[in-house]
Amino acid sequence: MLSKLTFILLLSSLLAGLSLADENSTNDSKLNFSDLVASLTTKKFDEKEVIIKNIQQSGHKRSLTILSKLLDGKLYYKKDDKLIVIANIQNKTASIINASSGEPLGDIAKKKLKKVGINNKLRRALNSSIAQLSLADSNPKVRKSAAVEMFKNMDDETSEILEQRLGVEKDKNVISALQTAIYINQLNAPVHEEKIIAIEALSDSLYPEVRVALKELEKNLSGNTQTLKSQSLLKSTRTSLTKIESRVGIYKQIENIFFGVSLGSVLLLIAVGLAITFGVMGVINMAHGEMLMLGAYTTYIIQLVLPNHIEYSILISIPTAFIFTGLVGIGIERGIIRFLYGRPLETLLATFGISLILQQAVRTLISPQNRAVSTPDWLSGSLEINPALSLTYNRLYIIIFALIVLAGLMLLLNKSRFGLQVRAVTQNRSMAKAMGIRTDWVDAFTFGLGSGIAGIAGVALSQLTNVGPNLGQTYIIDSFMVVVFGGVGNLWGTLFGAMTLGIANKYLEPFSGAVLAKIIVLVFIILFIQKRPRGMFALKGRSVDS
């Protein structure tokens, strides 16, 4: 006599197939799908495997969600009525959703739920079912990801599924991924000619899984070269691997340059403000790094105030950080630095003391621990050029942002009245003062401008690293090196110096480590300024001439 559960399975299998053809039995299909999902409470793994297959073939819109949650270990059932739910557990409470309908059911005590268990065999079955459902998705990116996911677990059955999909697929990227998966499986084919075709076809692929499969094949062939066929296969495999690794090496260099330019963009944002204050006033501002830190904390606080608007928090943080750190900079200049002009040692010590005070203030008022700043969705992810080269959006936006800030600053200095006064004070302070320019206010606003730009650099940096009281100290020495190397007060020189140091650091780090790379760069700059004391692009002006 068939058990009730077996009867449900057979009935649901039959109706799952019929439901695809019978559009008039919508209510019955929903009812059967719910019963099918409810049968996952069985403790027998063999029955669960049949249920998983039936859920996959049901054609129901929630099939993929249920199977994915089952694989992720988030599928539970209520102990009292055996209802299958998707649970998001936090501490002793769980927010639950009806797995079949997607209806929210509120919160429930964790102890009233029991997880739907799976084993390794079911995980493989789930991966296969999820992949097949994903391959039928309307989004080409989802279909491609599903095909790539199959690279690691290819067998003849999976290959057959992919070949069927290949017959109806229209997107060229998905077709390429499907063909790659089929060729990976073909590496294990018993026929010599099929293996040769697969090896040669895979020589154009940059997927890491392809290299792994070819290296595994090379390893197996290396111990068995008695026959001509084995020697031919080994030679073809090594030729393909050499071709692939050569192309991967080229893209690795491009990736290093990209990371170097992104690091250079951060240094540019930090150093460009320093270049202005150093160039106009000749002040060695050791508290410049703390302006960067305050800008990063501004982003953190705005996200705390607007937790439901993370997407817009960065856009709000940029002007807020600029104004806040700019006012702090003006306050420092008016309160302390203006009394120390002409005394560089005292100015250096005073600004160093200010930096310590600002760090301690943040430790006391916020926390001595580092804080994470959330990244908006539009800054997350990466632009995939090919399987060997992806450019992360946050670094890409920072490069663009740094260039926009540099262009805006150049316009301000070259096309505005304030910029004219700044240039006049930079080139000859005495003459500018004699012409009626209030040099003291030019100093104050220039210091505020430099501090404000450091603040928005902190906003950008918060998207790359955690925010902490010592954040500014990490970059202050690098930014001084950029200014000295590029030329004090010269924005083009700052751009050149930032990009050069950023790329040099990224190329040296793999060989020497991060610390030794900085030491090598520092030694290079010390030697460089012995030959060119005014930097790469020297600017003529009061501070330089003096």
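Just a few scattered comments:
One line per residue, one yes/no per condition, for (1) more than 29 Å from GLU193 (Cα to Cα); (2) of a type outside the set (Val, Ile, Thr); (3) not in a helix (DSSP H, G or I):
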| residue | (1), (2), (3) |
| --- | --- |
| TYR76 | yes, yes, yes |
| ASP80 | yes, yes, yes |
| ILE86 | yes, no, yes |
| PHE151 | no, yes, no |
| GLU157 | no, yes, no |
| GLN164 | no, yes, no |
| ILE175 | no, no, no |
| TYR183 | no, yes, no |
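- When each of SER265, SER246, SER230 is tested for being part of a helix (DSSP H, G or I), without any contact (Cβ under 8 Å) to a residue 24 or more places away in the chain and crowded, with 16+ Cβ neighbours inside 10 Å, the lone residue that passes is SER230.
- Conditions (1) loosely packed, with under 13 Cβ neighbours inside 10 Å; (2) within 21 Å of VAL459 (Cβ to Cβ); (3) modelled with pLDDT of 90 or more: number failed by ILE332: (1)
- The lone exception for ALA147 - which of (1) under 31 Å from the mean Cα position of the chain (by Cα); (2) surrounded by fewer than 19 Cβ atoms within 10 Å (Cβ to Cβ); (3) more than 20 Å from LEU70 (Cβ to Cβ) it fails: (2)
- Some residue of region 79-86 being modelled with pLDDT of 90 or more and either surrounded by fewer than 18 Cβ atoms within 10 Å (Cβ to Cβ) or among the aromatic types (Phe, Trp, Tyr) (or both): no
- Filter result for LYS141 (more than 28 Å from the chain's Cα centre (by Cα), farther than 17 Å from GLN57 by Cα and either among the acidic types (Asp, Glu) or open to solvent by 70 Å² or more (accessible area, probe 1.4 Å) (or both)): no
- Test: residue in region 426-441 that is closer than 24 Å to MET293 by Cβ, hydrophobic (A, V, I, L, M, F, W, C), open to solvent by 10 Å² or more (accessible area, probe 1.4 Å) and outside any strand (DSSP E or B): no
- Complete set of residues in region 216-227 that are assigned to a helix (DSSP H, G or I) and either open to solvent by 50 Å² or more (accessible area, probe 1.4 Å) or hydrophobic (A, V, I, L, M, F, W, C) (or both): GLU216, LEU217, LYS219, ASN220, LEU221, SER222
- For region 284-334, a residue qualifies if it is in contact with a strand residue (DSSP E or B) (Cβ under 6 Å, 6 or more places away or on another chain) and of a type outside the set (Ser, Thr, Tyr), and exactly one does: ALA296.
- Positions within region 185-205 being in contact with a Ser or Thr (Cβ under 8 Å, 6 or more places away or on another chain) and not in a helix (DSSP H, G or I), in sequence order: SER203, SER205
- Flag if ILE270 is touching a His at 6+ places or on another chain (Cβ under 8 Å) and among the aliphatic types (A, V, I, L, M): yes
The rows are residues; the columns are (1) aromatic (Phe, Trp, Tyr); (2) surrounded by fewer than 18 Cβ atoms within 10 Å (Cβ to Cβ); (3) out of contact with any Leu (no Cβ under 6 Å at 6 or more places or on another chain); (4) under 24 Å from ILE476 (Cα atoms).
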residue: LEU358; (1), (2), (3), (4): no, no, yes, yes
residue: ASN370; (1), (2), (3), (4): no, yes, yes, yes
residue: ILE385; (1), (2), (3), (4): no, yes, yes, no
residue: ALA388; (1), (2), (3), (4): no, no, no, no
residue: LEU391; (1), (2), (3), (4): no, yes, no, no
residue: LEU396; (1), (2), (3), (4): no, yes, yes, yes
residue: PHE401; (1), (2), (3), (4): yes, no, yes, yes
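- The residue list GLY408, GLY497, GLY455 contains one member that is small (Gly, Ala, Ser), modelled with pLDDT under 90, assigned to a helix (DSSP H, G or I) and under 29 Å from the mean Cα position of the chain (by Cα), which is GLY497.
- Here ILE323, ILE332, ILE301, ILE314 are screened, and the one residue that is over 32 Å from the mean Cα position of the chain (by Cα) and part of a helix (DSSP H, G or I) is ILE332.
The values are calculated or read from the model by the stated rules, or taken from the named source; none is laboratory data. These figures come from a predicted structure and were not determined experimentally. FYI the Cβ positions are ideal-geometry reconstructions off the backbone, even for glycines, and counts take in every protein chain you see. Heavy atoms of the whole protein, side chains included, go into the accessibility calculation; ligands, DNA and RNA do not. Shrake-Rupley method; radii C 1.70, N 1.55, O 1.52, S 1.80 Å.
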